[in-house]
Each structure stands twice: as structure tokens, then as C-alpha cells.
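Reading through the C-alpha cells given below for one structure.
Only the coordinates and a few stated rules stand behind these numbers; no lab work does. Note that the coordinates shown come from a computational prediction; the quantities given were computed from them, not determined experimentally. Because the Cβ atoms are built from the backbone with ideal geometry, glycine has one as well, and the counts that use them run over all protein chains shown.
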Amino acid sequence: MSPLPAPRKPTRDAGLAACLFAIDPVGLGGMVIRSRIGPARDGFLSRLRGLLPGATPVRRLPTHITDDRLLGGLDLAGTLSAGSRIVASGLLAEVDGGVVVIPMAERLDRSLAGKLAAVLDRGVVSVARDGVMSERDARFGVVALDEGIGDDEAAPGTLCDRLAFVLDEAMLDDDFVWPGARAIARARRRLAGIVLRDETTIALCRTAAALGIDSPRAPILALRAARAAAALAGRRSIDDADAILAARLILAPRATTLPAPEPPPEPPPESQDEPDAAPPPEARETQGDDQLQEEPPGDASEELAERVLDAARSALPLDLLAALAMSGGPRRAARAAGGKTPIAQGGVRGRPAGVRPGRPGHGARLALIDTLRAAAPMQPLRRRERAVQHPGPMPRVLVRAEDFRIKRFIAPVRTVAIFAVDASGSSALNRLAEAKGAIQILLADCYVRRDQVALIAFRNRSAELLLPPTGALARARRSLAALPGGGATPLALGIDAACALGIAERRRGASPLIVLLTDGGANIGRDGKPGREAAGRDARAAAQACAAAGLAGMVIDTAPRRSGFAAELARLMDGRYLPLPYADAAALSNAVRAQAA
Amino acid sequence: MALYPFTAIVGQTEMIRAMLIATVEPTLGGVLAFGDRGTGKSTAVRALAALLPTMRAVVGCRYHCDPASRSALCPECRARRAAGRLASERVRIPVVDLPLGATEDRVVGALDLERALADGVKAFEPGLLARAHRGFLYIDEINLLEDHLVDLLLDVAASGENVVEREGLSLRHPARFVLIGSGNPEEGELRPQLLDRFGLCVEVKTPTDLDQRIEVVRRRDAFEHDRAAFMRRFAADEAALRRQLVGAMKLLPLVNVPEAILRLAARLCIELGTDGLRGELTLLRAARAEAALEGDTVVTESHLRAVAPAALRHRLRRDPLDESLAGARVERAMAALFSQAAIAA
């Protein structure tokens with residue numbers, strides 16, 4: 001998932017995934033393509049298009065699509081001219097039997113992802129809006145183009161969980177020999193008749209469990225992929241090779257833990273990757289048959305499970321190890337694998353919140369349907385009036401200013417409290433525990449107000465983002481409890497990190513608040529070199545940069561006696577200064593509330 | 001299209017039990033199922049729709065009023081009744097799926113635009129709340145629903161009546177339904193004041209047992225591959241469960257709660273520090289429904305034990321930083337309390 005994975009030999013996996021998807025787009029849900037825009041991606045997409053029957057609808061779904069276009073609604077012009085209700089279908093109903101392409105899927109907001117997921121699950125889009133109630137078939141596959149860089153930006157997990165394949169940029173550049181649309185069409189016809197052995201089900205489930213994949217959707221998708229693979233190969237039943245392919249394509253990219261190596265000489269996947277993950281294409285293509293001849297599966301579902309797991313293991317993403325090492329556990333990796341960052345509600349700004357009478361303009365949008373509803377009862381009366389005052393042709397609907405209804409939107413009120421915590425040795429000695437306590441109080445307060453929190457800790461020579469902005473405070477509490485203390489104080493780096501995150505959050509539409517907890521004993525400069533004087537200078541500069549960026553901030557002094565330096569920083573940040581000895585729970589929470597307001 | 005059968009759902013016993021209890025005792029306040037993705041929350045609700053027995057409803061009534069219940073009739077049925085006998089028919093118990101992106105006018109009901117434009121008639125067009133009357137209203141991803149809609153739904157669910165005051169319309173109609181919500185805590189928390197509006201709250205987890213997981217996949221595949229055969233395979237189970245439900249509904253009014261159980265429930269709630277009396281009431285109602293499902297006419301400690309986690313876990317005075325739902329705390333308190341009770345008895 002890193003933007004630039006270590007060079008791998010080109011594989012045929014992307015092409016194979018495209019074929020399987022083209023065979024069963026609805027069953028497999030679709031694919032996430034993690035790649036920047038470019039010829040590799042464009043080429044892949046156009047070849048994928050070539051696999052689908054000519055008449056297949058393919059539609060792009062812009063992330064700013066409105067609900068009436070997505071789901072359907074009232075066709076206003078049609079309704080007015082016909083005088084009876086005309087329903088307009090939305091994009092999802094129009095693309096029934098085809099493929100939805102979502103560009104910039106990393107910007108897709110959660111409620112849109114939720115709607116897509118609901119339609120994917122049922123194959124039906126139900127509409128209950130603007131005077132319309134309808135249900136229409138909407139069975140389609142999704143191609144999500146995820147241009148996110150790093151783990152912070154990714155398509156929402158609700159959606160990714162339902163899409164079988166995850167491809168990254170390096171995979172797109174392959175030497176796959178693409179079959180024609182007719183071969184795919186033949187495979188499609190065979191699909192329903194493919195026979196499944198129970199060993200395959202068991203092997204795929206075991207592999208999913210060994211790789212720490214929680215979602216039951218993963219083995220179900222893998223099974224469907226195995227079916228499609230059998231159909232592609234022209235087989236009547238699912239072969240071991242199909243199961244192995246499905247594990248590699250679908251289970252491996254979702255792995256959150258490394259499977260316990262069964263045979264002792266198992267090298268770690270990272271080194272194994274080169275020889276094994278990408279065997280020469282010829283070998284891969286015929287792999288299944290060879291293995292069948294060498295070791296007939298017989299009754300040994302155990303053995304098949306082991307081989308399927310091996311295949312998945314060898315295709316584990318390169319950065320899984322690194323991600324696991326960084327997080328110290330599968331939990332965080334699970335989120336990364338799910339493709340969702342905990343940054344909540346990227347696009348909630350301007351959520352509709354009902355309708356009220358008022359004049360459109362000045363940012364208020366006219367609610368047409370509601371306006372018409374308001375005008376409707378008055379029509380007979382107004383017609384009579386008008387007939388007297390202005391004899392002549394009569395407009396179909398007489399709308400007056402008092403009918404106008406406007407949509408209300410909730411302003412962006414998402415507040416993110418960014419806690420930058422000094423976890424250095426001096427601070428640990430002083431009162432890291434108390435600082436933690438103070439944060440807990442503040443967290444409780446944030447919870448009540450449904451704010452989000454982020455946690456940055458700085459010690460030794462770096463500042464680390466322990467918790468990206470999240471509304472799940474239980475998580476914040478956990479990472480706070482696990483916060484270690486000790487080492488030098490790179491105060492400037494801590495402030496810089498908080499400042500950068502604050503600016504990034506503001507760009508996402510949130511209003512950030514920086515809460516710096518320190519004893520003011522800076523002794524590491526921005527360059528990571530020790531030295532009290534330079535460290536102090538850099539910290540002052542960093543605080544000024546915060547103020548210059550217009551970020552709200554406050555400093556909580558954790559020193560046993562008030563330190564002049566922490567107070568100075570607060571002044572430079574244009575923020576409040578609160579010495580901890582006097583900052584009891586109520587004062588702290590009032591201070592944050594006042595700042596956040 | 002055939003729906004996945006309710007009885008074919010593997011595991012998730014607590015969620016399934018909670019849904020059955022809410023069916024037997026519709027005044028309980030519904031069920032909130034919070035948990036991991038892909039654990040069959042939506043599947044279970046939709047399957048429930050197919051399982052439910054039928055009910056009597058007034059012919060031609062937009063709210064499918066119950067002809068037997070005089071007090072709960074809508075104004076139109078009251079008028080019809082005054083004019084003569086109410087004709088009735090058996091209909092399916094409605095399970096209404098609230099579509100994401102639903103607008104307020106379709107939830108509450110609104111002025112019928114077509115008739116207003118064409119004929120200038122001010123007519124009310126009922127919304128989803130009317131459709132869900134006497135049945136179930138399911139909100140998937142409840143934490144993604146717009147706040148003003150959640151507030152509105154909970155208010156109607158609590159009052160049993162939909163009051164429409166908009167576009168020159170002023171009317172009210174009965175809207176009693178069992179609210180079922182589902183969501184994923186990773187997507188953000190539910191407002192705490194909404195949590196305890198739900199009668200039961202269950203935590204849905206991905207099964208960790210390998211055999212169970214294999215069975216989930218196996219059944220899903222069998223279902224997709226040959227729906228008709230799969231439905232036949234579970235037809236007997238479905239029928240048996242339906243009989244159990246109908247029996248429990250009949251039995252419910254006859255179920256007694258002994259004094260000792262009342263005391264035990266009260267002590268459990270005091271021990272856990274639940275706010276208000278809603279917790280105790282829900283606990284007792286749920287225990288009665290549980291007893292009815294078991295075919296018992298007297299509530300025992302084991303019924304209480306079975307429902308206490310679901311009835312109470314979301315009502316504990318929250319340490320907001322504690323893990324969001326605390327089934328374990330309920331279990332602990334019960335273990336302590338019930339062993340004492342056993343000794344005392």
C-alpha cells in the first residue's frame with residue numbers, strides 16, 4: 001500500500017483479477033486500484049473494458065454526486081409538464097448490469113460509501129425521497145480508483161470490504177496476455193455450473209483465519225473468485241489451482257497477521273517474496289495442473305489448506321511486515337488492510353438538515369420539491385385571482401415568494417483536538433501520569449461534544465502521530481495508556497507535527513485545536529541535535545508558526561513549578577496558558593470548550 | 001427473490017435471540033446491533049421479515065390498523081367503524097428498510113404533490129413511518145443517518161404516534177413499530193442519549209471459531225448456488241421457529257413475574273447503577289418474552305440471566321473512555337449477585 005512498493009517482477013495478477021471480475025462483476029463486487037493517474041492505469045482500464053460485453057454500461061461516479069442523481073428522485077421538469085409524477089432513475093439504477101467507476105475513491109465520503117454498500121448488498125436501490133418511493137434493480141460491479149498517498153488516505157472500508165480485489169500500481173504493469181471478450185463470455189456461461197468441493201471452502205476459510213482476516217466476506221469473495229477462475233480455465237469443477245489463485249488475489253492483500261510458519265525452514269515473507277511471489281508467468285499459468293499431477297489432493301483437505309495458505313503467504317503485501325512492526329500488533333494493520341483510515345467523516349460539511357421557509361441565495365439552496373408542495377394548495381385560488389388580474393395564458397404552476405423553501409445545512413462543526421504530549425524523561429519524572437489524567441478528562445469532554453481527537457507524542461529525537469484524528473475515543477484511551485515515557489525533549493518537532501496535522505485537518509473542513517502538554521524543558525532542536533539553546537529557539541519559532549497559520553492552541557504546563565518557557569510558548573502561539581497544578585478537571589474542560597467554540 | 005432464511009444464520013445467537021424477543025414483545029424498544037462488518041446484521045433483519053407470521057389488518061387502511069384494537073385505530077378507520085363493520089384481511093407483518101439518503105418528507109409523509117398539482121387537492125401521502133406501523137423499521141448504519149432523522153425516528157418510536165405538521169397539513173396517525181438499528185462502532189459512536197432509547201443492545205462479533213466460519217461460507221455459497229434447494233433445506237426449521245414465535249406471542253400475557261425475580265432485577269440495576277427505571281422495566285419485559293419463547297409461564301432466574309446483558313449493557317453509567325459497550329460488567333455483577341441470591345435461598 002505504500003506509494004512506491006519495492007520493485008517486484010511483473011505478475012499476471014492484475015490481468016487475472018480483471019478477467020475474474022469481468023466474469024462475475026456482481027458476485028465479486030469489484031476492485032480497488034491503488035494507483036496514481038497515468039498510462040498504466042488507463043491502459044489497464046481500457047483493457048478491462050474490452051473484456052466486458054459491448055453493451056455493458058460503464059459509468060463514472062463523481063464523489064460529489066448528489067443523492068437524487070445517485071439513487072433517483074423526482075423528475076421535476078417532467079412532473080411539471082406532465083402534471084403527474086415522473087420518477088427519474090439515479091446513476092446506480094441506470095448502470096444495472098454494468099460497472100461503476102469511482103475516481104478519487106479516497107475522497108469518497110462515508111455516507112456515500114454506506115449507500116453504495118447497501119445497494120451492493122441487495123442488488124436493489126430503494127428510494128424514499130422527494131415524494132418518490134421506488135425500488136429498482138441495480139446490480140453492478142465497482143472499480144474504485146484510489147489515488148491516496150500513504151495510509152492516511154484510502155477508500156472507505158465499508159466499500160473496500162465488499163470489493164474482491166486490491167491492485168496496486170506496480171501490478172498494473174504486466175505482460176499478461178489478455179483474452180478476448182468472447183472467452184470471458186464463454187466463462188460467464190459456464191459459471192453457474194461450476195461444482196465446488198468442500199475442501200476448497202475449508203481451505204479458504206482456514207487461510208483467511210491464519211492471515212488474521214476477520215471479515216467473513218473475504219472467504220466468500222475468494223470462493224466466488226475460485227468459481228470464476230475455474231470457469232475461465234474451462235473446468236467444470238473448482239480445482240486446487242483456482243483456490244490457490246483466489247487466496248493469492250483476495251486473501252493475501254487483506255492479511256493482518258503473518259501466518260505462523262508451519263514448516264521450520266520458512267523464511268520470512270519479505271525475503272521469500274522475490275523468488276516465490278512472482279514465478280515466471282508460464283509457471284503460474286500451468287501451476288495448477290502440474291501440482292495436480294504431482295500431488296493429487298485426494299481426501300487431504302488439510303494438505304490443500306496448507307498449500308492455499310502457502311500461496312497466500314507468498315503474495316503477502318511487502319509492507320505488511322513493516323506495518324505490523326510499526327503498530328506492534330495486528331489491530332492497526334487491520335485498518336490499513338481494510339483500506340480505511342480512522343479519519344472520520346471526511347465530507348460531512350454541509351450535511352442537509354431539513355427544510356424551512358426562506359429566500360434562496362446567499363448560500364441557501366432552493367428546495368424545489370418543498371417549494372412546489374408549499375405552492376400546490378394555493379393553486380386554485382391563485383388561478384382565479386390571476387384570471388381576473390391578468391387574463392391570458394396561464395402558467396402551469398403559480399409560485400410566489402412566500403412559497404420558497406430552502407435547504408438547511410449543518411455548518412462544519414467537526415472539531416479536532418490535537419493533543420501534543422511531551423513524553424520525555426523530564427516530563428515523565430514530573431508528571432506524565434498526571435498529564436495522561438488530564439487528557440483523559442479532556443477526552444471525556446470531547447466525547448460529550450462528539451469532537452474528534454488526535455494524539456501526537458514527542459520524545460527523544462522525533463514526534464510520532466500515535467492516533468490519527470478519530471471519534472472512537474476508546475481507541476484514544478488505549479493508545480494513551482500505552483504511551484511510553486523517557487528520553488530527551490524535541491519540543492519544536494512536537495509543535496511542528498501538531499501544526500502540520502492541524503493545517504491538514506483544516507483543509508479537510510475541520511476546525512483544529514492544538515493542546516500542547518509540556519514542562520517546557522526543550523533540549524532537542526528541529527534538526528534532531530541536542531542543545532538547549534537551539535532547542536528553545538526552534539520551539540519558539542514553531543509556536544510562532546502555529547500562530548501564523550491561525551491555529552487555535554493552548555499550552556498545559558506540566559512542570560512542578562510554573563515554567564516561564566511554557567507560558568512564553570503559549571503567548572507565542574496566541575493561546576491560553578494553564579499550569580497543571582491549578583488546572584483541575586473543570587478548569588481544563590472549560591478551557592478547551594472556550595477555545596473550541 | 002428468495003431471502004436468506006433466518007434459521008440458516010450461523011452463530012450470532014445473542015442477536016438472533018434479541019430479535020425474537022423484540023418480536024414477541026414489541027413494546028420493548030427495539031434492538032440495536034452494534035458490531036463488525038459483514039457479520040450478517042442486515043441479513044438477519046431481512047430474514048426476519050420472511051419468518052414473521054401474518055397479522056389481521058383493516059382492508060384498505062393505509063396504516064394497516066388492527067381491527068381488534070379499538071383505541072389504536074387511525075381516524076379513517078374510526079370513521080369506517082362508525083359507519084359499519086370493519087372488513088379485515090391477513091397481511092404480512094411489515095419490515096421496512098429505511099433507505100440511506102431517505103428524506104424527511106418520505107419518512108414522515110407529506111402533501112401528495114401529484115394530487116396537489118393536478119387537482120389542487122390537499123391530500124396526505126403517508127411515509128415510511130406509516131408503512132412500518134405494527135411492524136419493524138430497520139436502520140442500517142444508524143450512525144451514518146442524519147441526526148435530525150434519527151431524532152425524529154426515536155421520538156415517534158417512543159410515542160407510537162406520528163404527528164405531521166407541515167405544508168398546511170395537520171394530522172396524526174398511529175406509528176407503533178419495533179426499531180432495529182445496526183452500526184459499526186469504527187464508523188463513529190452513537191450519541192449516548194440515543195443508546196438507551198433502544199430496548200436491547202447486542203454486540204455482534206465476527207465468529208472466531210474456524211468451523212463456524214467455514215459453515216458461514218459453506219451456507220452462503222449453497223444459498224447463492226441453488227436458492228430453491230437451500231430454502232427447502234431450511235423450510236422445516238423456519239416453520240418450527242414461526243410456530244414458536246406465534247406460541248410465545250399468545251403466551252406472553254400469561255407470563256408471571258414472581259416477587260423474588262422483581263427484587264433480583266432491581267438489585268442488579270442498583271448494583272450496576274443504571275439511570276432511571278427504564279433499565280428495570282426493559283429487563284423484566286425482556287425476561288417475560290424470553291420465558292414465553294421457552295414456553296414457560298413463570299419468569300425464572302435463568303430467563304433473567306439470559307437477557308440481562310442485552311437489556312442493560314448500554315445503560316451503565318458510562319465512563320466515556322471505557323470500551324463502548326460493557327457486557328462484561330453486567331456478567332460480573334450478575335455472577336456476584338446471583339450467587340448471593342442462591343445462598344440466601
Response to the item:
tail above 37 Å in the computed P(r) of chain B, as % of all Cα-Cα pairs, reads 22
Fill in: Distance (nanometres) between label positions extended 7 Å along Cα→Cβ at A:Ala55 and A:Arg197
3.9
Fill in: B:Ser170 versus A:Leu366: modelled label distance in nm, points set 7 Å from Cα along the beta carbon direction
3.0
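Tell me, what is the FRET efficiency for B:Glu331 and A:Ala181 to the nearest 0.05, using R0 = 45 angstrom and their Cβ-Cβ distance as r?
On the way: r = 58 Å, r/R0 = 1.29.
That pair, B:Glu331 with A:Ala181, gives E of 0.20.
Mean projection of the alpha-carbon convex hull of region A:81-174 over all orientations, in nm²? Spell out each step's value before the answer.
Values: hull surface 31.6 nm².
Mean projected area of the Cα convex hull: 7.9 nm².
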Worksheet item: Tell me, what is the FRET efficiency for A:Glu402 and A:Ser479 to the nearest 0.05, using R0 = 35 angstrom and their Cβ-Cβ distance as r?
Response: 0.05
Fill in: For residues of B:212-222, the mean tally of beta carbons on other chains within 10 Å
6
Worksheet, complete the sentence: Note on region A:169-247: C-alpha Rg/Rh, Kirkwood Rh, two decimals, gives 1.02
Worksheet item: Within region A:180-217, which trypsin sites (Lys or Arg not before Pro) sit in a loop by DSSP and count at most 15 neighbouring Cβ atoms inside 10 Å?
Response: none
Worksheet item: Which whole number gives the average, over all residues in A:207-216, of C-beta atoms from other chains lying within 10 Å of the residue C-beta?
Response: 4
Discussion item. Taking 26 Å as the cut-off for C-alpha to C-alpha distance, list the pairs among A:Lys115/B:Lys122; A:Lys115/B:Lys205; A:Lys115/A:Lys407; A:Lys407/B:Lys122 that go past it.
Written reply: A:Lys115/B:Lys122
Fill in: Label point distance in nm, B:His148-B:Arg242, each placed 7 Å from Cα along Cα→Cβ
4.2
Discussion item. Using a 10 Å cut-off around each Cβ of peptide B:141-147, what is the average number of partner chain Cβ atoms that fall inside?
Written reply: 5
Worksheet item: What number comes out for the charge environment of A:Leu74, summing +1 per Lys or Arg and -1 per Asp or Glu over other residues with Cβ under 13 Å away?
Response: -4
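Please sort B:242-255, A:381-394, A:59-72, B:129-142 by packing, taking for each peptide the average over its residues of neighbouring beta carbons within 10 angstrom, highest first. Present the calculation step by step, with values, prior to reporting the outcome.
Working: B:242-255: 15.5, A:381-394: 10.4, A:59-72: 18.3, B:129-142: 24.4.
Order by mean packing, descending: B:129-142, A:59-72, B:242-255, A:381-394.
Figure the gain on full extension for A:Ala541 and A:Arg189 (residue separation times 0.36 nm, minus the Cα-Cα span) and round it to one decimal in nm. If you can, show how the numbers build up before the last one.
On the way: separation 352, 0.36 × 352 = 126.72 nm, distance 6.80 nm.
Full extension from A:Ala541 to A:Arg189 adds 119.9 nm.
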Fill in: Value of Rg to Rh for region A:87-236 (Rh from inverse mean 1/r over Cα pairs, i.e. Kirkwood)
0.99
